[in-house]
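Engineer: Got a structure here, written out as structure tokens. Questions coming.
The values are calculated or read from the model by the stated rules, or taken from the named source; none is laboratory data. As the structure is a computational prediction, the values presented were derived from the model and not from experiment. For neighbour counting, all protein chains shown are included, and Cβ atoms are generated from backbone atoms with ideal geometry for every residue, glycine included. The area values use the complete protein model at the heavy-atom level, side chains included, leaving out ligands, DNA and RNA. Shrake-Rupley method; radii C 1.70, N 1.55, O 1.52, S 1.80 Å.
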Amino acid sequence: MATPSGHNGWATADDWASQRNYITTLWYVKHRDENRTLKEIMQIMQEKYQFFATVRMYKARFQKWGIEKKIKAEEAVEIFRQQTARAAAGKPTVAYIRGRRIDPDRLQRYRYRAAPLVSKKIMRAEKGAEDDESNATRVTQVVCRTPSPSPSPDTTNSAISISPRMEEPTELRVPHECMQILHNFINGAFDNGIWQMANEGERAEMNGAFTWQHYVASSQGLIRHGRIKEGFSLLGMCFDQYKQQLQQPDSMFWLATYKCAMVLASQNNKLGDAFIDYASKLTSLILPPGHPFNQLWSRVMLTGLNGIKDHAGAIFESYLDMWGRHVNSRETNTTNDIQGAFVFIQLHCTGLLSFNLLETVIQAMISGGAISKGSAEFLLQEAKFRLALSCLARRRTKKAETTTKEIIAWLELQDPSNYADLRCKTAWLMFEIKERKGTQAEALRAGHDLLKISQEIYGPTHIQTLEAMSAVESYCRQIGAIKGAEQMGRDFESRWRIFRDVANSLNNFPQQIDQPWYYRSIELGEKVGYVQETVDMFERCLKLADDSP
């Protein structure tokens, strides 16, 4: 490679020494949220300092300086070892490798995608087992410290020193600390056998959270359909049952709590604030001060409802990343795996989970046999259902109807005894579509079809049937069919009394919800683009499965 004219030749050893700090800073520090490439750094050095060197020269010098962007396996193991030890002592952690701060999200992605041998080493390190291979490099390569003003750690061998007066703002510190607390809580719950994945024929481990979350969503549905008194009565029941969930949490409990605050706030900020206040105070009364849930609430209360909304994506992704690795390391049944996959899908569609993590998890589950081809086809139809709902919410009625008919066509090819929940949800969709684009007669016919299938599948006093009745009653009042609305209203109220009597006698919800896909509505705003890419992903995965030998 020829050197440009007008300069004194290639960079000398003295040139490299004098520019080392600046080159290192360019390499490590992001520009407009993106890492610079080596060619970009070379161009900057040429234009600003008349500093000329080849790619080979840079790479040789970087190797000599110990500059590396990739996280090495032994470094990751050491970071997780130190984080776990510090979290046990109640200390939040920021991690540095060779003086460079490591993003917590990047660590979580590394962990999920790590080779099985590396994942095993990380798990051993978190349990306190020593690994001799990493002992020699711990002090100079990895530094973990509290994100608050403190003397700078010894970084004499680092290219960049760590600022001794740097304190993270609350809005950045809180989600990181929450992730650390949840990380330790999940590890402990699985390792000590508190959470067990169901065997074939048993109820799924996550049913408590699904049931509670379902009733919260149903309370909002009743309120939207004009059943204000009954909706708030059901919401009060959910608040009461939160105590039971708190005392015996399953693996989706904290996510259900976080999501509930967001769902209620999406309807009314005061409702969201009321739930946060209630849940945090109840937790402090029931559980000891050092319990992880009290630690979590103490952080969440610093940022309030706005913080919950801002941090939800990071919290959900970190939590599900950890949950997924534990579940994948155990023998589970198809129900567990599909439930977990569905939660991933649901959160991605709301923008609370990255597509990269969703795709990584789903592809791994399908290729590893955790999700069969039949289950993948079912999840594809569920994704299409969410696409139809999202289109309907944006008045794209034609697209919603086309997608719904695709689901119905698929269901017609299946055993009539299978997929009862999806059959009922498509009846909901057709009713709502006919409300918007059909004649009144078509909408009423679709409404009665919905009531018929709801009663056949769930029974006359099931919350699903009651909510369907409230929707059809509301439509009848809307079009002026007062006589029909009044009859529907009387039927609803008699069935509601039975529902309440059973709830009071059980001191619990009348029906347990076995699956996360029971509820037919979108609880949080879902984005058509996110749902469409989920549908496309499943279609690609199924095509690859068909093409494979």
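Engineer: Of all residues in region 50-74, how many are farther than 22 Å from Y110 by Cβ, surrounded by 14 or more Cβ atoms within 10 Å (Cβ to Cβ) and at pLDDT below 85?
Structural biologist: 1
Engineer: Output the qualifying pairs, or none if there are none: Cβ atoms under 8 angstrom, residues six or more apart or on different chains, first residue in region 506-534 and open to solvent by 20 Å² or more (accessible area, probe 1.4 Å), second residue assigned to a loop (DSSP other than H, G, I, E, B) and modelled with pLDDT under 70.
Structural biologist: Matching pairs, first to second residue: Q512/R203; D514/R203; D514/A204; Q515/A204; P516/M206.
Engineer: A further question follows. Please verify whether S494 is assigned to a helix (DSSP H, G or I), hydroxyl-bearing (S, T, Y) and touching a His at 6+ places or on another chain (Cβ under 9 Å), treating the condition exactly as stated.
Structural biologist: Answer is no for this residue.
Engineer: Here's a follow-up. Which of the residues belonging to region 429-465 are open to solvent by 60 Å² or more (accessible area, probe 1.4 Å) and closer than 20 Å to E230 by Cα?
Structural biologist: Hits for region 429-465 are Q455, P460.
Engineer: Mind listing whichever residues of region 218-234 are surrounded by 21 or more Cβ atoms within 10 Å (Cβ to Cβ) and among the aliphatic types (A, V, I, L, M)?
Structural biologist: Of everything in region 218-234, those that are surrounded by 21 or more Cβ atoms within 10 Å (Cβ to Cβ) and among the aliphatic types (A, V, I, L, M) turn out to be L222, L234.
Engineer: Something else now. Take the residues in region 188-239 that are aromatic (F, W, Y) and either modelled with pLDDT under 60 or over 22 Å from the mean Cα position of the chain (by Cα) (or both); name whichever of them is nearest to R500 (Cα to Cα).
Structural biologist: Top of the filtered list is F232.
Engineer: Right, something else. From the list A376, A370, exactly one residue is part of a loop (DSSP other than H, G, I, E, B) and buried (at least 16 other Cβ atoms within 10 Å of the Cβ). Which is it?
Structural biologist: A370
Engineer: Name the single residue that is modelled with the lowest pLDDT among those in region 77-99 being charged (D, E, K, R) and surrounded by 19 or more Cβ atoms within 10 Å (Cβ to Cβ). Steps first, answer last, please.
Structural biologist: Taking region 77-99 first, the residues charged (D, E, K, R) are 78, 81, 86, 91, 98.
If we keep only those that are surrounded by 19 or more Cβ atoms within 10 Å (Cβ to Cβ) as well, we get 78, 81, 98.
Details: E78: 84, R81: 81, R98: 63.
It comes out as R98.
Engineer: For region 16-26, state whether one or more residues are assigned to a loop (DSSP other than H, G, I, E, B) and modelled with pLDDT under 80. If you could, list the steps in order and put the result at the bottom.
Structural biologist: Narrowing region 16-26 to residues assigned to a loop (DSSP other than H, G, I, E, B): none.
The answer is no; no qualifying residue exists.
Engineer: Return the residues of region 321-342 that are at pLDDT 75 or above and either open to solvent by 10 Å² or more (accessible area, probe 1.4 Å) or of a type in the set (F, W, Y) (or both); say none if nothing qualifies.
Structural biologist: Listed by number, the list holds a single entry, F342.
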